[in-house]
1. Between ALA96 and SER110, what length comes free when the chain is fully extended (0.36 nm per residue of separation minus the Cα-Cα distance, one decimal in nm)?
2. Which FRET efficiency value, to the nearest 0.05, do you get for GLU173 and GLU66 by plugging their Cβ-Cβ distance into 1/(1 + (r/R0)^6) with R0 = 45 Å?
3. Just going by the charge dipole of the chain, with Lys and Arg at +1 and Asp and Glu at -1 on Cβ, which of ILE70, HIS98, PHE160 is farthest out on the positive end?
4. Among the lysines in the stretch 142-273, how many pairs, 8 or more places apart or on different chains, have alpha carbons under 26 Å apart?
5. In a GNM of the chain with a 10 Å cut-off on Cα contacts, which of THR146, THR46, THR133 has the highest mean-square fluctuation?
6. Please report the relative contact order for the chain, taking Cα pairs under 8 Å with a sequence separation of at least 6, and give it as a percent rounded to a whole number.
7. Can you tell me the length gained on complete extension of the stretch SER205 to ARG267, counting 0.36 nm per residue apart and subtracting the Cα distance?
8. Within 14 Å, Cβ to Cβ, of GLU199, how many net charges do the neighbouring residues add up to if Lys/Arg are +1 and Asp/Glu are -1?
Amino acid sequence: MSGDPYGDRGNKDATIVNPRGTGTAQPVKGGSAKAAPNGPFLIGETMTGGYGNGPDILHDCTISVEKGEIAVIVGPNGAGKSTAMKAIFGMLDLRAGHVRLDGEDITALSPQARVAKGMGFVPQTSNIFTSMTVEENLEMGAFIRTDDFSGTMEQIFDLFPILREKRRQPAGELSGGQRQQVAVGRALMTQPKLLMLDEPTAGVSPIVMDELFERIIDVARTGIPVLMVEQNARQALEIADKGYVMVQGANAYTGTGKELLADEDVRKSFLGG
Ligand SMILES: Nc1ncnc2c1ncn2[C@@H]1O[C@H](COP(=O)(O)OP(=O)(O)O)[C@@H](O)[C@H]1O
Ligand SMILES: [Mg+2]
C-alpha cells in the first residue's frame, strides 16, 4: 500500500475510527476557537506551566502530532514528559502557550470536554479499575457515549484477543501487559480522534513490549494518531514518525525517529550510546 508508513503490518480494519475523525478538518464553532487549518492535528505549543502555584515545570515546550503519525516523547526521569501530556489533556493550567486540536483552540477546555472533542488519554498510573472486570472497565471507557458501543467493544476484543478471553475477570488479576491493553482499550471505547499514552510499556517484559508496540502501530494504522511517552526510548523511536527529547521541561531535540536514533548526541546522552 503506497503512502502507508506501516506497510502491511497489523490489521486493516479502519472501522474503529470514529467517522468524525477520519475526514478533513472540521469547521471551528464559536468561542475563542481559532482555525489553524494547516497546522498540526494536535499541538501543545510553547507550553509553560506547573502544578498549582508551584514553579514552572514546562518551559516553552512544543509537542505536536499529525494525522496518521506516531509521535514519541522520550527523556530522563523527571524531565516533564508526563507533565506535558497532562498539560495537553487539560490537567494543568498553562501560564503561556496553547493547545490546538484539529484547528481548534482547546486551551481553556476541561479534560472531560477534551474527551468529548476526541482525545483519548491513558495516564501513566492508575489507568484501570482493578476491582472491576475487563468488560466493566471497557464500559466505563464509553461513559460519554449514548449510542450502542457493543461494536466498538468487539473491535477492541479483536485488537486484544486476550481481553475477550478474560472479559469477566477483575482487571487487577491480569498481568502488567494485559492491564495496559485494558487501559488502551478503555481509551479506545470513546472512538477517539487521537490517542495519548503515557508509558504504555512500563514494567513489561521485552516480548510484551514488542507486542504492545505492534498493537499501537495497529491503532495508528486505523487512522488514529498516537502521541506517547516512552522510557524504552530506542525501541519507541524505531516506530516513531516523530520524536521529541525533553530535558528539564523543554524541547532538547526534535526529529524523525530515524534522525534521533542516528544523532550522536542523542545516542550518547539518552539512548545509552
Ligand atoms: N502532581 C505534581 N505536583 C507537583 N509537582 C509534580 C507533580 N507531578 C510531577 N511533578 C514534578 O514535575 C517534574 C516533572 O515530572 P514528570 O512530568 O512526572 O516527569 P517525567 O514524566 O518526565 O518523568 C518533576 O520535578 C516532578 O517532581
Ligand atoms: Mg512520567
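Computed from the coordinates by the stated procedures, all read-outs in this text should not be read as laboratory data. Computed from a prediction, not measured in an experiment: that's the story for all the values here. As a convention, Cβ positions derive from the backbone with ideal geometry for all residues, glycine included, and neighbour counts pool all protein chains shown.
1. Working: separation 14, 0.36 × 14 = 5.04 nm, distance 1.67 nm.
This chain segment gains 3.4 nm when fully extended.
2. Values: r = 38 Å, r/R0 = 0.85.
Efficiency, rounded to the nearest 0.05: 0.70.
3. Checking the options against the dipole of the chain, the answer is HIS98.
4. On the way: LYS193/LYS242; LYS193/LYS258; LYS242/LYS258; LYS242/LYS268; LYS258/LYS268.
Value for the stretch 142-273: 5.
5. Judging by the Gaussian network model, the answer is THR146.
6. Numbers: 526 pairs, mean separation 71.6, N = 273.
Across the chain, relative contact order equals 26 percent.
7. On the way: separation 62, 0.36 × 62 = 22.32 nm, distance 2.26 nm.
Gain on extension, SER205 to ARG267, equals 20.1 nm.
8. On the way: positive: LYS81, LYS86, ARG179; negative: ASP198, GLU230.
Summing Lys and Arg as +1 and Asp and Glu as -1 gives +1.
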